[in-house]
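K.L.:
Take a look at the following structure, please.
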Amino acid sequence: MTNYTAPQRDMLFVLNHLAGLEDIAGLPGLEDATPDMAAAILDEAAKFAAGVLAPINASGDRQGCQWDNGTVTPADGFADAYASFCETGWNAMPAAPEFGGQGLPSLVSSAVQEMWKSANMAFALCPMLTLGAVNAIAEHASDEIKATYLPKMVSGEWTGTMNLTEPQAGSDLAAVRSRAVPVGDGSYRISGTKIFITWGEHDMAENIVHLVLARLPDAPAGVKGISLFVVPKFMVNADGSLGARNDLACASIEHKLGIHASPTAVMVFGENDGAIGYLVGEAHKGLGYMFTMMNHARLNVGMEGVAISERAYQQALAYAKDRVQGKPMGDTSGQTRTILHHPDVRRMLMDMKSRIEAMRALAYQTAAHMDYAHHHPDDAVRRQHQSRVDLFTPVVKGWCTESAVGITSTGIQVHGGMGFIEETGAAQHLRDARITPIYEGTTAIQANDLIGRKVAREGGSSLRTLLADMAATRDALTAEGDANLVAIGVALGRGIGALSEAGDWLLAHYDSQPAAAAAGAVPFLKLTGVVAGGWMMARAAQVATQLLAAGDADTVFLNAKLVTARYYADHVLPEAALYAAGVTQGAGSVLALDEEGF
């Protein structure tokens, strides 16, 4: 497996020129996040990712975690890496200063998160879930719970999890059966079994704080009867010290296709007297509270798609530059060349590169909207940006992760037969990537959320605003005298047309033909991602052209950006028409077969 080098040049290009970091640094509370400060943070994070996390990625995959009578021991090197991660302050970077965090913008922390996930995705899941739990507690819990748990979770001394899924329920949270019985002193006795709990048990931190969905005795049926509870592995004394072990246990860990170094636990609560838990917020509102954590996780899983794709691309590129094989078609020198000279290898690498850059830009842009939604002083502006966050969240999660499966598979193809051999490391990237379209809500769940809550429910208003913003970029490019920019603008225009057509079809048929709309939901999500990614690449080409005209010295990078944007316009944006046809014309064949026909 090749070393990992963070793509800082592209990260900074997106931060500064597409996502508008300088403007975000002008928002209240984010004044210290200047472009120079961000560049320094990224430089230090790149060193940690490459020097500490990346070297234990492959070994962690081979060794995995060990379960022994309820105790889980991570792979060699993980505990030391986690201690170093917390000691150097990385865990606290995105959290609020009032709880010991550094309060950096989501935009900057997203770039750093990408590095952790590229270097070692299994490791990165632990702090990712902790910070998601921090966000949920900070937004919804009582001051007492915040004071008890948040400082040590922010520091990383304690980690966090979310416990939603149960064996009989799967993604149907209305079927959750875990129980919470009030004790009378403000605490509750929690009982039930939860599955697929990432980093649900380990010995890297002093305590693990579980956020658990459960039902009170008087809870109404369905999702309206779910409450959220803080359930610590060890009880916390009044002075903040740790007390007795709570009544919860890790019954087993799963044997998985990938992310072997990340323990996926079956957690059992209350086999004896009941695990002690504390209600977060109001009773029966737990699902809404948990979505604070889940939406954080969904965006971060989308970033995993970007990150693991980048790692696969770096490895494929290194192999293509090193592997000498054959004489390229059209090469009259008669010399044997590296496979980078073969046209189809170049096609595969360009496809990987262009999709990754589009995904990165869209994910970072969404993070920038989050910063505006949380920090802008004008409520109307905050709502406007939150609307874009809501629209893009399922797209970033679904499109980036589905793309990652294809990109990491292409990385294996670049290696040829050597990619199918575990020792090269290319296969690990595909195995790790395969979980990303599944957990934190499958692609279908994201797609149904997109067409239902984010498009149909609001009459398409957010989608129309997005289409108008894209059209403005198209118009600017097609008005340019530069033939390359005009071609990119024309391709973007076709994509906008396809997305608009599909969106209109959904709005016209969502209520009257719900099954037909659902049959096209995933194609619509992919369509939105492809076109939104094309919009990002078109903007990147526009900026690169302006910087070159202004005499920017980084001509190699900027010219490559133009070529990559043109490749995306020529080869990826045409997929929009296919996805639109699937939405508007494909439902009949999806739904035609009787059950016996399968």
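K.L.:
Multiplying the sequence separation of Asp344 and Asn559 by 0.36 nm and subtracting their Cα-Cα distance, what value in nm do you get? All intermediate terms of the calculation are to be shown ahead of the outcome.
P.N.:
On the way: separation 215, 0.36 × 215 = 77.40 nm, distance 2.13 nm.
So the chain would gain 75.3 nm between Asp344 and Asn559.
K.L.:
Would you work out the relative contact order for the range 450-589, in percent, from Cα pairs under 8 angstrom that are 6 or more residues apart?
P.N.:
Working: 160 pairs, mean separation 46.3, N = 140.
The normalised contact order for the range 450-589 reaches 33 percent.
K.L.:
To the nearest 10 degrees, how steep is helix 121-140 against the longest Cα principal axis of the chain, on a 0 to 90 scale?
P.N.:
Taking Cα atoms only, the helix is inclined about 60 degrees.
K.L.:
Something else: Loop only per DSSP, at most 11 neighbouring Cβ atoms within 10 Å: give me the chymotrypsin sites (Phe, Trp or Tyr not before Pro) in the range 196-296, ordered by residue number.
P.N.:
Sites meeting the loop and neighbour criteria: none at all.
K.L.:
Moving on. What are the chymotrypsin sites (Phe, Trp or Tyr not before Pro) within the range 1-76 that DSSP puts in a loop, where the Cβ has at most 12 other Cβ atoms within 10 Å? Walk me through the intermediate numbers first.
P.N.:
On the way: sites: Tyr4, Phe13, Phe48, Trp67; in loops: Tyr4.
Listed in order of number, the matching sites amount to none.
K.L.:
Same structure again: Take the Cα atoms of the chain, find their three principal axes, and give me the spread along each one in whole Å, biggest first.
P.N.:
Cα spread of the chain along its principal axes, largest to smallest: 80, 60, 55 Å.
K.L.:
Follow-up question, since we're still on this one. Report relative contact order for the range 62-146 in percent, whole number only (criteria: Cα-Cα under 8 Å, sequence separation at least 6). Don't skip to the answer; put the middle values down first.
P.N.:
Details: 51 pairs, mean separation 11.7, N = 85.
After rounding, I find 14 percent.
K.L.:
If contacts are Cα pairs under 8 angstrom and at least 6 residues apart, what is the relative contact order of the chain in percent? Each step should come with its number before you reach the end.
P.N.:
Working: 1105 pairs, mean separation 77.4, N = 598.
It comes to 13 percent, rounded to a whole number.
K.L.:
At 222 nm, what value in deg cm²/dmol follows for the chain if DSSP H runs of at least 4 each add -39500 (n - 2.57) and the sum is divided by all its residues, to the nearest 500?
P.N.:
Details: 20 runs with 321 residues, N = 598.
Theoretical 222 nm ellipticity from helices: -18000 deg cm²/dmol.
K.L.:
Follow-up. Which net charge results for the neighbourhood of Val572, defined as the other residues with beta-carbon distances under 9 angstrom from its beta-carbon, given Lys and Arg at +1 and Asp and Glu at -1? List each step's numbers first, then the result.
P.N.:
Details: positive: Arg355; negative: Asp351, Asp570, Glu575.
So the environment of Val572 carries a net charge of -2.
K.L.:
Asp32 to Phe598: FRET efficiency via 1/(1 + (r/R0)^6), r the Cβ-Cβ distance, R0 51 Å, to the nearest 0.05? Could the numbers behind the result be given before it?
P.N.:
Numbers: r = 58 Å, r/R0 = 1.14.
It comes to 0.30.
K.L.:
A follow-up question, please. I'd like the Karplus ³J(HN,Hα) series for the range 58-75: coefficients 6.51, -1.76, 1.60, θ = phi - 60°, whole numbers in Hz, and an x wherever there's a Gly or Pro.
P.N.:
3J(HN,Hα) across the range 58-75, in whole Hz: 5, 5, x, 5, 6, 7, x, 9, 10, 9, 9, 6, x, 9, 10, 10, x, 4.
K.L.:
Which order, highest average first, do 158-168, 252-262 follow once you tally other Cβ atoms within 10 Å for each residue and take the mean per peptide?
P.N.:
Details: 158-168: 22.0, 252-262: 18.9.
The packing order, highest mean first, is 158-168, 252-262.
K.L.:
Which one, Ala560, Gly582, Thr292, projects farthest toward the positive side of the charge dipole computed for the chain from Cβ point charges (K/R +1, D/E -1)?
P.N.:
Working it through, the farthest residue towards the positive pole turns out to be Gly582.
K.L.:
Another question, if that's okay. Among the trypsin sites (Lys or Arg not before Pro) in the range 112-191, which ones are in a DSSP loop with at most 13 other Cβ atoms within 10 Å of the Cβ? Mind listing them?
P.N.:
Values: sites: Lys117, Lys146, Lys152, Arg177, Arg179, Arg189; in loops: Arg177.
When the trypsin sites (Lys or Arg not before Pro) of the range 112-191 are filtered for loop state and at most 13 Cβ neighbours within 10 Å, Arg177 remain.
K.L.:
At R0 = 51 Å, how high is the FRET efficiency between Asn69 and Val324 if r is their beta carbon distance? Nearest 0.05 is fine. Intermediate results must be reported in sequence, preceding the final value.
P.N.:
Numbers: r = 52 Å, r/R0 = 1.02.
That pair, Asn69 with Val324, gives E of 0.45.
Just so you know, all these numbers are worked out from the coordinates, no wet-lab data involved. On a predicted model such as this, the values are computed, not experimentally measured, just so you know. All Cβ positions, even for glycine, are placed from backbone atoms using ideal geometry, and neighbour counts span all protein chains on display.
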